[in-house]
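J.: To start, I am sharing the structure in question, which I have written as structure tokens.
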Amino acid sequence: MAYKIIASMCTGCGACEFECPNKAIKESDGVFIIKADKCTECEGAFDTPQCAAVCPVDDTCVPA
Amino acid sequence: MSRPVVTLASIKRLSEPERPKIKASSSCASASDPRIADHPCYSEEAHHYFARMHVAVAPACNIQCNYCNRKFDCANESRPGVVSEKLTVEEGLQKVLAVAAKVPQMSVVGIAGPGDSLAGASAPKTFALFKAVRAALPDVKLCLSTNGLALAEHVPQLQELGIDHITVTLNAVDAEVGEKIYPWIFWQGRRLTGREAAQTLLERQLLGIEKAVQAGMLVKINSVLIPGINDDHLPLVHKAVQERGVFLHNIMPLISNPEHGTVFGLAGQPAPTNAQLESVQEACGIDAKLMRHCRQCRADAVGMLGEDRGQEFTSDKLPAQAQINHEARHLYRSVVAEERADRKAAALRADAALALAAHSPKRRVAVCTKGGGRINEHFGHAREFRLYDVDATGLSFVGVRRADNYCQGGWGEDDNMEAILKALEGCEAVLVSKIGRCPKDELAKAGIDAVDGYALSYIEEGLSNWYAGLALPARISA
Ligand code: SF4
Ligand code: SF4
């Protein structure tokens, strides 16, 4: 029940961090990472995981 | 006050009242408007005296364009619109202060990306930087570029900060065209695709434009010309934005190269030729002002005219504390005021020169300049050329052609000459401050006359005298 970010694909734009309803995303070394314990896959808040919906690089925010 | 810089332009306008042409002086019709008089991106004339800088604090975006690849990041690449640096608000302010300390010509600070300046994650940073710059440098103008998706809701905040210039990129006003350009948008927590995405985007863009104009802002529209996709459609875009009272509509050529990994680049979508660009500009420009001096700055560009001093001000080179010399900045402005008056006088002399050459055909000529409105750039250093059409009734500014659009490194001299010859296509002559023997011969082979006899004179005066075949008047102010 969590998403993850494929670090090698991440541009570090930070779009996902802002959209996450649970503050589960943080910057680390120029890329962004998801804290699995905080991620709810946006259940109850949005229809779709916000990080995946806003990320400019396909298949970068994916189910862990 | 409203006397145009090139008075011959007004003569020409009188002779063609229903079809005003774009002139070197077109921006001067409103040059008395303090919002644009010193703005190098809005006033062609100011372009010669003032510099702008873009600060890359906005990496996040809310739409995907087929001409953009967000992964693309290369410090050697001067592809317009792409930046390699991402700055925090604090770093951004530090950079602005460092540039202001070193470049007294700097009159405009803009945020143009590399993502969208008003996207969810970007907007707070954009506003924080604007506030900080406003406090530190009250004389600097602030401006912003956006794709327009999130513009409408931010207009009040922009107004509060005193931002009076915004640029919106608008490539289509019909979702059928738009969906070929935008694969998706992120809107209200959802990723929209296809026609729904294009429709939502264009509705939000037009609403944002309307609100910004109503709020009294100067709104400029940039449209990317994508051959085969929106070339026939851009006159409609032009009409739509004109009805909404935008200040300028600028058409920029698509930059398409497979190496950039964009959807268009990979699909082999061609960039427009100079002729295609001009014909679309013409089709739209019948009753409008176009901004032909725009050079599609990168989102971290620093400098005047075609120069990009961005590399001098990367984060690792910034001083911890920049000393701003406000006096030098004021001094620069007073020198500029004198120069501008002098250039006006030169334009009057240009009138006289052209009057002697009545009933002559239109000739296209290129000029090398590094600012100040003068022919003062060595051909060997020129990265771009300003093109003019001259005939006995006046001169009109055709636009800027760059010879370095895709790449700075990796080209041998020969290749560069090829790019230069392409940029100079259709020109009879190029007016330079100096030129070497070899390139002069090579240009001659291509039928282009390289002329250094008007070095340091004002562009208008040099062009007119070249046209009239006259020697320079005795006084050349250096
Ligand atoms: S799926 Fe939702 S909750 Fe999880 S990290 Fe992405 S945006 Fe945050
Ligand atoms: S939106 Fe995608 S590219 Fe941007 S920081 Fe998040 S994971 Fe990285």
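J.: Take B:LYS131, B:LYS95 and order them by how many other Cβ atoms sit within 10 Å, fewest up front.
T.: Fewest to most other Cβ atoms nearby, the residues stand as B:LYS131, B:LYS95.
J.: Among B:MET417, B:MET53, which comes first, second and so on when ranked by fewest other beta-carbon atoms within 10 Å?
T.: Neighbour counts put them in this order, fewest first: B:MET417, B:MET53.
J.: Restricting things to alpha carbons, tell me how big the range B:95-155 is in terms of Rg and Dmax, in Å.
T.: 12.2, 36
J.: Now for a separate question. Going by how many other beta carbons lie within 10 Å of each one, how would you line up A:VAL62, B:VAL241, fewest first?
T.: A:VAL62, B:VAL241
J.: Shifting gears a bit: Grab the DSSP H runs of chain A that are 4 residues or longer, score each as -39,500 (n - 2.57), total them, divide by all residues and round the 222 nm result to the nearest 500 deg cm²/dmol.
T.: Estimated from H runs of four or more residues: -3000 deg cm²/dmol.
J.: Can you give me the P(r) profile for the range A:3-63? Cα pairs, bins 5 angstrom wide beginning at 0, each as a whole percent.
T.: In order of increasing distance, the bins hold 4, 23, 35, 26, 10, 2, 0 percent.
Bear in mind these aren't lab numbers, they're just calculated from the coordinates by the rules spelled out. Keep in mind the model is a prediction, meaning the values are calculated, not measured. All Cβ positions, glycine included, derive from the backbone under ideal geometry; neighbour counts span all protein chains shown.
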